[in-house]
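A short worksheet on the structure shown next.
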Amino acid sequence: MYRHTLRATVLLALLAIIPLAGCHQEAQGPPPGGPPQVSVVTVEPQSVLLTSELPGRTAGFLVAEIRPQVNGLLQKRFFTEGADVKKGDLLYQIDPAPYQAAYDSAVATAASAKQSAEQAKAALQASIAGLKKFESVLNLAITNRDRKTKLVKTDAVSAMEVDQAVADVEVADAALKEAQAEVESQREAVKAAEAAIEQAKAAVETARINLDYTKILAPITGRIGRSDVTEGAIVTAYQTTPLATIQQFHPIYVDVPQSTAQLNRLRRRMNAGSLKDAVTDRVKILLEDGSPYQHEGALKFRDVTVDPTTGSVIVRIVVPNQDRILLPGMFVRAVVEEGVNEQAILVPQQAVHRDPKGNPTALVVDAEGKVEQRALVTERALGDKWLISSGLAAGDQVIVEGSQKARPNTTVKAIPFAPQPAAAADAADTAQAAL
């Protein structure tokens with residue numbers, strides 16, 4: 001029994017060795033003849049819209065911090081925290097009693113000033129009437145004096161009568177001057193009374209404004225946040241702590257920093273003619289999770305001051321926000337159009353390699369089928385391709401697949417590169433990940 005089992009085991013081992021030997025012989029067979037085969041893409045300049053993806057934060061289109069403009073006791077709050085409010089809505093009520101009393105007092109003072117002014121005007125009119133009487137008396141005295149001065153020459157009147165007529169003129173003239181002074185005094189009194197009226201009116205207006213300030217109204221339309229005070233609190237005019245904050249975020253701002261180095265590079269390229277101006281000021285917005293926002297924004301403003309700590313300027317974008325998806329302070333990314341490069345050279349990223357120093361290179365097949373290594377200058381990645389600034393020209397055949405079989409100055413067989421379909425590429429990536 002033992003011998004039979006041993007014989008069967010040896011037989012099975014020999015059967016297993018024979019196929020392995022055959023496989024080994026096949027693996028040691030001679031390689032196929034001819035140059036190695038590589039896949040290449042032919043460089044063709046194309047028109048490409050260049051964009052920059054910049055990080056930024058949202059900010060309210062309008063922001064109003066609610067602060068009291070008078071001192072007093074906060075009696076009541078009229079809004080719900082987090083609700084939408086309209087411009088002019090009543091938010092808080094400050095105790096109006098002391099301001100109502102001040103207003104009533106100012107109104108009474110204004111009425112008294114008006115009455116005093118009317119009395120001063122009446123006195124002025126009386127003084128003017130008296131002045132006219134004194135002017136008539138003086139005129140009669142002058143006429144009498146002149147008449148008697150002529151008659152004294154013919155001895156029709158005595159010299160004493162002439163002297164009396166002259167004295168009467170002097171007395172009338174003095175009385176007239178007194179009346180004129182009285183009129184001027186009354187006019188000054190009227191002016192003072194009118195000034196008092198204006199001052200009283202200003203006091204009434206000030207009291208009315210302060211009384212109105214006891215009703216704290218919404219200065220803008222928007223959404224109001226939490227209230228930092230409660231009913232019964234004492235508030236002061238223009239205090240540093242706001243009672244609440246209203247923000248309007250439809251539309252909403254997106255503020256993104258853009259480096260001055262990038263701006264200068266864009267200007268140089270546009271001046272050189274390698275870039276044309278973007279045809280639109282529309283800006284795409286990407287949310288925090290990378291998904292695109294449903295509405296495009298509009299580039300409205302680029303700041304004129306450079307932040308010395310970051311070397312950048314703020315670019316402001318206005319974005320529609322009807323659905324209130326964007327909230328102030330959110331992190332987003334803005335895709336800003338820079339311009340159009342009409343002679344852009346793009347190659348697949350897998351065709352670009354790095355030398356030991358980290359510089360980008362590519363293998364190119366020349367017209368004779370020989371491999372040449374080119375040093376490249378890459379500008380940026382666009383999807384799964386590199387935008388090449390220099391190192392390649394139109395018509396160059398760049399090796400995409402099979403570079404491990406190609407060495408500089410060796411001869412290869414170039415075939416057009418056929419990109420894998422999306423499904424096949426995903427399957428290949430999954431298999432590679434599994435490995």
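Descriptive notes on the structure:
- One residue from Glu342, Glu372, Glu379 being modelled with pLDDT of 90 or more, in a strand (DSSP E or B) and not aliphatic (A, V, I, L, M): Glu372
- Residue in the range 177-186 that is under 58 Å from the mean Cα position of the chain (by Cα), exposed (fewer than 15 other Cβ atoms within 10 Å of the Cβ) and among the acidic types (Asp, Glu) present: no
- Only one of the listed residues (Asp307, Asp289) is within 25 Å of Ala261 (Cα to Cα) and of a type in the set (Asp, Glu). That residue is Asp307.
- Taking strands (runs of 3 or more DSSP E) as the structural unit, those lying wholly within the range 34-80 and holding at least 1 residues that are open to solvent by 80 Å² or more (accessible area, probe 1.4 Å), within 29 Å of Gln247 (Cα to Cα) and of a type outside the set (Phe, Trp, Tyr) correspond to 46-66, 72-77.
- Of all residues in the range 385-422 being open to solvent by less than 80 Å² (accessible area, probe 1.4 Å) and assigned to a helix (DSSP H, G or I), the one that is modelled with the highest pLDDT: Ser403
- Some residue of the range 87-95 being out of contact with any Phe, Trp or Tyr (no Cβ under 9 Å at 6 or more places or on another chain), of a type in the set (Gly, Ala, Ser), open to solvent by 60 Å² or more (accessible area, probe 1.4 Å) and outside any strand (DSSP E or B): no
- Filter pass, Ala196 being part of a helix (DSSP H, G or I) and open to solvent by less than 70 Å² (accessible area, probe 1.4 Å): yes
- Inter-residue pairs, beta-carbon under 6 Å, first farther than 13 Å from Leu131 by Cβ and in the range 171-200, second exposed (fewer than 13 other Cβ atoms within 10 Å of the Cβ) and hydrophobic (A, V, I, L, M, F, W, C), 6+ apart: none
The values are calculated or read from the model by the stated rules, or taken from the named source; none is laboratory data. All values derive from a computational prediction rather than experimental measurement. When we count neighbours, we look across all protein chains shown, and the Cβ atoms used for this are built from the backbone with ideal geometry, even at glycine. Accessible surface areas use protein heavy atoms only, side chains included; no ligands, DNA or RNA. Shrake-Rupley method; radii C 1.70, N 1.55, O 1.52, S 1.80 Å.
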